[in-house]
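The values are calculated or read from the model by the stated rules, or taken from the named source; none is laboratory data. Since this is a predicted model, take the numbers as computed values, not measurements. FYI the Cβ positions are ideal-geometry reconstructions off the backbone, even for glycines, and counts take in every protein chain you see.
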Amino acid sequence: MQTEFQIETWGPGLYEFTAQLREWMRPTNKDGLLTLFVRHTSCSLLVQENADPEVQTDLHAFFERLVPPSDHPSMAYLRHTYEGPDDMPAHIKAAMMPVSLSIPVANGTPEFGTWQGVYLFEHRRAPHTRRVAVHFA
């Protein structure tokens, strides 16, 4: 069983899509493995806490500090800068974080922990429509 989710982003940050995954899985009532793969090189996928929004805010702030825009003096060594100051840093962040996830499923329900959710982590400043390939077997 396969599908593709489109996730609209409007700038850097974490966008949860756990509810959409649960809804898509609900009719299956089967056990298996859910595999997600983001089809872009400047965003990532994460399983992360979804109870306190400060977790997402802090994660975003940490990665912004760790990998600042290419116009920051500490990033003067970067060569790939013609797509904007956020582009190459977005590729670096995507290289540091997962672009695919595997989630066990029992009786049609993804086996998340109590406070876990699935997020697309957008690393670019401009709005995007991100595509996530979803496979269940």
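Structural remarks
- Pairs where the first residue, in the range 77-105, is over 29 Å from residue 117 (Cβ atoms) and the second is assigned to a loop (DSSP other than H, G, I, E, B) and among the small types (Gly, Ala, Ser), C-beta under 6 Å, 6+ apart: 78/70; 81/70; 85/70
- Against the list (1) over 30 Å from residue 29 (Cβ atoms); (2) at pLDDT 95 or above; (3) in contact with a Ser or Thr (Cβ under 9 Å, 6 or more places away or on another chain), the condition residue 117 fails is (1).
- Tally of residues being surrounded by 16 or more Cβ atoms within 10 Å (Cβ to Cβ), of a type in the set (Val, Ile, Thr) and more than 12 Å from the chain's Cα centre (by Cα) across the range 110-137: 1
- Exactly one residue among 109, 114, 129 is of a type in the set (Val, Ile, Thr) and touching a helix residue (DSSP H, G or I) at 6+ places or on another chain (Cβ under 8 Å), and that residue is 109.
- Going through (1) closer than 17 Å to residue 14 by Cα; (2) in a loop (DSSP other than H, G, I, E, B); (3) not aliphatic (A, V, I, L, M) one by one, residue 64 falls short only on (2).
- Residue pairs whose Cβ atoms lie under 9 Å apart, separated by 6 or more positions or on different chains, with the first residue in the range 17-40 and touching a residue at least 60 places away in the same chain (Cβ under 8 Å) and closer than 20 Å to residue 6 by Cα and the second of a type in the set (D, E, K, R) and assigned to a strand (DSSP E or B), are 38/130; 38/131; 39/4; 39/130; 39/131; 40/130; 40/131.
Residue by residue, here is whether (1) out of contact with any Leu (no Cβ under 8 Å at 6 or more places or on another chain); (2) outside any loop (DSSP other than H, G, I, E, B) holds:
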{"position": "3", "(1), (2)": "yes, yes"}
{"position": "15", "(1), (2)": "no, yes"}
{"position": "20", "(1), (2)": "yes, yes"}
{"position": "25", "(1), (2)": "no, yes"}
{"position": "30", "(1), (2)": "yes, no"}
{"position": "33", "(1), (2)": "yes, yes"}
{"position": "41", "(1), (2)": "yes, no"}
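- Listed by first and then second residue, the pairs with beta-carbon distance under 9 Å, at least 6 apart or on different chains, first residue in the range 48-68 and more than 18 Å from residue 117 (Cβ to Cβ), second polar (S, T, N, Q), are 68/74.
- Boolean, residue 66 is buried (at least 17 other Cβ atoms within 10 Å of the Cβ) and either out of contact with any strand residue (DSSP E or B) (no Cβ under 6 Å at 6 or more places or on another chain) or modelled with pLDDT under 95 (or both): no
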